[in-house]
Number of protein chains: 2
Amino acid sequence: MARIVMKFGGTSVGDVERIKRVAQRVKREVDAGHEVAVVVSAMAGTTNQLVKWCGEVSRLYDAREYDVVVASGEQVTVGLLAMALQDIGVNARSWLGWQIPFGTDGIHGKARIAEIDTTEMVKRFSQGQVAVVAGFQGIGPDARITTLGRGGSDTSAVALAAALRADRCDIYTDVDGVYTTNPRIVSKARKIERITYEEMLELASQGAKVLETRSVAMAMQHGVRVQVLSSFVDMPGTLVVDEDEIVEQQVVTGIAYSPDEAKITLVGVPDRPGVAGAIFGSLSDSAVNVDMIVQNVSQDGKTTDLTFTVSHADLDRATHVLEKLKGELAYGEIVSDPNVCKISVVGVGMRSQPGVAKTMFQTLAEKGINIQVISTSEIKVSVLIGSDYTELAVRALHTAYGLDADAE
Amino acid sequence: MARIVMKFGGTSVGDVERIKRVAQRVKREVDAGHEVAVVVSAMAGTTNQLVKWCGEVSRLYDAREYDVVVASGEQVTVGLLAMALQDIGVNARSWLGWQIPFGTDGIHGKARIAEIDTTEMVKRFSQGQVAVVAGFQGIGPDARITTLGRGGSDTSAVALAAALRADRCDIYTDVDGVYTTNPRIVSKARKIERITYEEMLELASQGAKVLETRSVAMAMQHGVRVQVLSSFVDMPGTLVVDEDEIVEQQVVTGIAYSPDEAKITLVGVPDRPGVAGAIFGSLSDSAVNVDMIVQNVSQDGKTTDLTFTVSHADLDRATHVLEKLKGELAYGEIVSDPNVCKISVVGVGMRSQPGVAKTMFQTLAEKGINIQVISTSEIKVSVLIGSDYTELAVRALHTAYGLDADAE
């Protein structure tokens, strides 16, 4: 007997028929003798509709009221799934965030989880009851509903698995696992059987939209074994585990790309201490997230060029912030380019294996693709290229690192 | 300064624009210096959709889970209305049933209100805050969400008004008050300025769908001054008050009709003690609501005919129950007729004024309308007629009792 947390996303509970199918999937685990908690999202589309209404009612809405509105989506699906389970003879009840309670801090709209009281839930496990838990929501110190931010149901599931000391946290989604890259642009992409938390974290934050980044970080922190698998196809998915559980280590595990990038270059920035601090401090104050940063060595000892990337959505705001700084910093000009894409190769193997970056640069050079910015971490090399070359670059790298399905 | 409870139904909060209009309406009361609690329903259509999903998931659903699902509708509207109020500078916060707490018994799906704790709400009134309260929902002794049954938001509003000792409970709806009869079939119908609780109760339960019956009974019990008025047109509505507040009493205040009736006659029922008990006991056990009952004096001392009405929805079930009793009771046959309509004339004035029934019977006779069943109470006379004659009868009676608009 194992204790399992299962999580189903919005498309998996998108209508009544799908909710019934989820109930059948849950029943199989129950019939196998497992203790089961199921975390569900709102029906696909519901949360977007609710968020849209909030925006239409008030441009600067109260995050506490926003949480009240958007948390209603999961309330519908937990009730319906509990009914569907009872309908096929499975003892089940729904749990809303405030009922558990699923305690969070008071940062409405993107609350962080504080403490989850699983006492009652565990007691009911022993009576054979399945817990159907509303994802994405909790209760703050002010006794009001909080939400964890978009995609927060993954985090709910992992946090609940940690609190329950569950043997496994199965994330059911509309793909059947984590792939070496997006199968939609590389037909030879392979499903990864096992991936480390660190790799998953890099892939998740680099644009592979399978798991929410925060949930992976939390799984790593608490050692929760996460499995990503399909709620529509019945086959094993991808297991996210500790590095020592990976049997056969590849140098590069996956390739992620993020088209949602824009490049900004400040030309002729005075080369003196405090300038970078002023620039990135102002951007940060305006909630602009800066990703890759490159500063060249000053040629003349007086000025330098500073290049960095922001998300598309932040480009206008960033430009506005920088223009306001022009008087103070006396830089030359702002050059921005929204037509860029970040490509990242990720793998824990590259810690011990040199030459990964070299392969990347050579492969791209052979295809005539210009690298605009480079950034690296211990288990990742990222480059910025013109977005027209995205597919070409990802396919070439996928082959170069021996990831193609027929290369096995 | 007064303390006011305002209630807005589903059509009044049917979309974002209407919610904003409601906020403006609330602001006027706030600007006038009043303490305000606003009770809202779910957006029109939402509750029906949620109920439909429940039925699709499971035919015999758990009422506790049903409550979780359907209570989500009001959660959306309270959040949005609180935002809309804040957006126009009105201090406001939303309250869900469990947050107040709005205590009920544990009869999920049609809970009865137990106790409402208004301490915190009243404290916030004194700080100028408007309470935006989710109608229809409460919390049961099991710390789970309960709902009050369809139309329960009216009851929520009246109960809250009673708990708050509010000066007034204004029920905003899509009509501008209570009419002497349905203006859609009698163009000369007049809006009633003041009506007694008793009359409103009879009209509400006799098919005038303006106020939920239970809310009127509760208002009467606690002496809550209820006003029914339009959320779209800015004019005084109908005040529901104690009899001693009615200045000019009419003999008949209003005429209601209920087309949702079916007549059943049991022919040749043995005329002995216990037979009626057996019949109506069995119907009650099967949750069939019986309304008008007529039993004639036995002609031969051995058998009699028994006629009564049930709602259309219950006709098949009632017939089924009666057929099972045939062996035991040995009655002749069952004759049923779904094409009947109940017409009721209502008025507290008829207590002191004889002849109301006579006027009714004469008026109908003049039009050649046959009366099938008669039933009376202290302030009401009801007759059952063929449904084809509904409009004709209502119009004729409206004129006969001097209710026509141009008769003033």
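The values are calculated or read from the model by the stated rules, or taken from the named source; none is laboratory data. On a predicted model such as this, the values are computed, not experimentally measured, just so you know. Every residue, glycine as well, gets a Cβ built from its backbone with ideal geometry; the counts of neighbours run over all protein chains shown.
Anything in the range A:144-187 that is within 14 Å of another protein chain (Cβ to nearest Cβ) and assigned to a loop (DSSP other than H, G, I, E, B)? List them, or say none. Break it down into steps so the answer makes sense when it comes.
Kept after step one, since they are within 14 Å of another protein chain (Cβ to nearest Cβ), are these residues of the range A:144-187: A:144-147.
Residue satisfying the conditions is A:144 alone.
Against the conditions (1) surrounded by 19 or more Cβ atoms within 10 Å (Cβ to Cβ); (2) modelled with pLDDT of 90 or more; (3) over 21 Å from residue B:403 (Cβ atoms), residue B:231 satisfies every one except (2). In the range A:177-214, the qualifying residues are those that are in contact with a Phe, Trp or Tyr (Cβ under 9 Å, 6 or more places away or on another chain) and either under 15 Å from residue A:227 (Cα atoms) or among the basic types (Lys, Arg) (or both), and the one that is modelled with the lowest pLDDT is A:210. Quick one: which residue in B:39, B:69 is within 12 Å of chain A (Cβ to nearest Cβ), buried (at least 20 other Cβ atoms within 10 Å of the Cβ) and closer than 26 Å to residue B:104 by Cα? Only one candidate passes the filter, namely B:69. Scanning the range B:320-340 for residues that are within 28 Å of the chain's Cα centre (by Cα) and closer than 12 Å to residue B:267 by Cβ yields a count of 1. How many residues does the range B:34-56 hold that are among the polar types (S, T, N, Q) and free of Cβ contacts under 8 Å to residues at least 12 places away in the same chain? So the answer is 2.
Given the options B:367, B:326, name the one that is surrounded by fewer than 17 Cβ atoms within 10 Å (Cβ to Cβ) and out of contact with any helix residue (DSSP H, G or I) (no Cβ under 6 Å at 6 or more places or on another chain).
On the way: B:367 fails: out of contact with any helix residue (DSSP H, G or I) (no Cβ under 6 Å at 6 or more places or on another chain).
Being surrounded by fewer than 17 Cβ atoms within 10 Å (Cβ to Cβ) and out of contact with any helix residue (DSSP H, G or I) (no Cβ under 6 Å at 6 or more places or on another chain) holds for just one of B:367, B:326, which is B:326.
Picking from residues in the range B:42-66 that are of a type in the set (Gly, Ala, Ser), in a loop (DSSP other than H, G, I, E, B) and more than 9 Å from chain A (Cβ to nearest Cβ), the one that is nearest to residue B:129 (Cα to Cα) is B:42.
Specify the residue that is farthest from residue A:219 (Cα to Cα); the eligible residues are those in the range A:121-143 that are more than 14 Å from chain B (Cβ to nearest Cβ) and polar (S, T, N, Q). Among those that are more than 14 Å from chain B (Cβ to nearest Cβ) and polar (S, T, N, Q), it is A:127.
For residue A:144, the conditions (1) charged (D, E, K, R); (2) out of contact with any helix residue (DSSP H, G or I) (no Cβ under 8 Å at 6 or more places or on another chain); (3) farther than 20 Å from residue A:238 by Cβ are fulfilled apart from (2).
Residues are listed down the side, and each one gets a yes or a no for (1) surrounded by fewer than 23 Cβ atoms within 10 Å (Cβ to Cβ); (2) free of Cβ contacts under 8 Å to residues at least 60 places away in the same chain; (3) part of a strand (DSSP E or B):
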residue: B:195; (1), (2), (3): no, yes, yes
residue: B:209; (1), (2), (3): yes, yes, no
residue: B:221; (1), (2), (3): yes, yes, no
residue: B:251; (1), (2), (3): yes, no, no
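Restricting attention to the range A:104-117, the residues that are within 27 Å of residue A:85 (Cβ to Cβ) and buried (at least 18 other Cβ atoms within 10 Å of the Cβ) total 3.
I'm trying to understand the selection: among the residues of the range B:299-319, which are over 28 Å from the mean Cα position of the chain (by Cα), in contact (Cβ under 8 Å) with a residue 12 or more places away in the chain and within 28 Å of residue B:377 (Cα to Cα)? Show your work before the answer.
Start the filter on the range B:299-319 by keeping residues that are over 28 Å from the mean Cα position of the chain (by Cα), which leaves B:299-306.
Among the residues that remain, those that are also in contact (Cβ under 8 Å) with a residue 12 or more places away in the chain are: B:301-306.
If the condition is that a residue be over 28 Å from the mean Cα position of the chain (by Cα), in contact (Cβ under 8 Å) with a residue 12 or more places away in the chain and within 28 Å of residue B:377 (Cα to Cα), then B:303, B:304, B:305, B:306 are the ones that fit.
Each residue in the range B:375-392 was checked for being part of a helix (DSSP H, G or I) and either basic (Lys, Arg) or under 23 Å from the mean Cα position of the chain (by Cα) (or both), and 3 of them qualify. So, of the residues in the range A:259-294 that are modelled with pLDDT of 90 or more and of a type in the set (Ser, Thr, Tyr), which turns out to be surrounded by the fewest Cβ atoms within 10 Å (Cβ to Cβ)? Filtering the range A:259-294 for residues that are modelled with pLDDT of 90 or more and of a type in the set (Ser, Thr, Tyr), the one surrounded by the fewest Cβ atoms within 10 Å (Cβ to Cβ) comes out as A:284.
Name every residue in the range A:73-120 that is assigned to a loop (DSSP other than H, G, I, E, B), more than 24 Å from residue B:54 (Cβ to Cβ) and either of a type in the set (D, E, K, R) or within 13 Å of chain B (Cβ to nearest Cβ) (or both), in order of residue number. First the steps, then the outcome.
Let us first name the residues in the range A:73-120 that are assigned to a loop (DSSP other than H, G, I, E, B), namely A:88-91, A:96-101, A:105-112, A:117-118.
Now restrict to residues that are more than 24 Å from residue B:54 (Cβ to Cβ): A:101, A:105-112, A:117-118.
Of everything in the range A:73-120, those that are assigned to a loop (DSSP other than H, G, I, E, B), more than 24 Å from residue B:54 (Cβ to Cβ) and either of a type in the set (D, E, K, R) or within 13 Å of chain B (Cβ to nearest Cβ) (or both) turn out to be A:101, A:105, A:108, A:109, A:110, A:112, A:117.
Looking at (1) surrounded by fewer than 18 Cβ atoms within 10 Å (Cβ to Cβ); (2) free of Cβ contacts under 8 Å to residues at least 60 places away in the same chain, which is the only condition residue B:188 fails? Here residue B:188 clears every test but (2).
Look through A:1, A:83 and report the one residue that is farther than 30 Å from residue B:24 by Cα and at pLDDT 95 or above. Going through A:1, A:83 in turn, just one is farther than 30 Å from residue B:24 by Cα and at pLDDT 95 or above: A:83.
Is it the case that residue A:124 is among the basic types (Lys, Arg) and over 14 Å from residue A:156 (Cβ atoms)?
Details: among the basic types (Lys, Arg): yes; over 14 Å from residue A:156 (Cβ atoms): yes.
Yes: the conditions hold for residue A:124.
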